[in-house]
Structures are given as C-alpha cells and as structure tokens.
Amino acid sequence: MVNEYEKRESREARIAKDADRLDQFLLLKEHALAGNQEAMRRFEEKYNGSQRDDMYSDSAKKIFDEILATSPNERWQNVWTEHRRKE
C-alpha cells in the first residue's frame with residue numbers, strides 16, 4: 001500500500017496525496033496567520049500557485065483556492081453559532 005501511495009499510479013493514491021498536500025497547506029497558512037515567521041516564509045516560498053497545478057483532482061484544486069481565499073476563522077463562523085449552542 002505504501003508503494004502504491006509513493007508511486008501515485010492509482011487514482012486513490014493521487015487523491016490521498018492531494019489530501020496530504022491540502023492538510024499541509026492549511027496548517028502552514030494557519031501558523032503563518034498566527035505570526036509564525038518560519039511558516040510565513042515557507043508559505044510564500046512553497047505555495048506560489050505551482051502546488052495547485054500539481055494536484056490531481058478538480059475538487060482538491062477548488063479546496064486549495066478556497067483555503068487561499070479565506071482565513072481559518074471564516075470557515076468556523078457558520079459551524080458554531082449561538083443558535084446551535086442552544087440545541
């Protein structure tokens with residue numbers, strides 16, 4: 001299974017790699033926005049758009065664009081609302 005992932009020959013292996021890249025990208029952006037200078041440097045250096053082009057699925061590319069366009073706090077605004085706390 002590890003060999004399949006590393007070779008990225010199957011659709012599943014490519015999608016798994018997309019998920020790993022998205023996870024790294026999201027964490028790096030969160031740390032950069034929190035003021036971590038090393039994360040900011042890596043974010044600017046590593047994610048200049050070429051990472052998006054390396055992604056396999058259209059869904060991963062859309063998620064990448066959404067992560068790039070929003071802040072982590074925006075994603076939580078509609079998840080935990082005052083109304084939902086009362087339920």
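For the reader, a short list of remarks on this structure follows.
- In the range 30-51, of all residues being surrounded by 14 or more Cβ atoms within 10 Å (Cβ to Cβ) and closer than 16 Å to K62 by Cα, the one that is modelled with the highest pLDDT corresponds to Q51.
- Condition check for F25: modelled with pLDDT under 85, in a helix (DSSP H, G or I) and of a type in the set (A, V, I, L, M, F, W, C): no
The values are calculated or read from the model by the stated rules, or taken from the named source; none is laboratory data. Quantities reported herein were computed from a predicted structural model and do not represent experimental measurements. Virtual Cβ from ideal backbone geometry, glycine too; neighbours counted across all protein chains shown.
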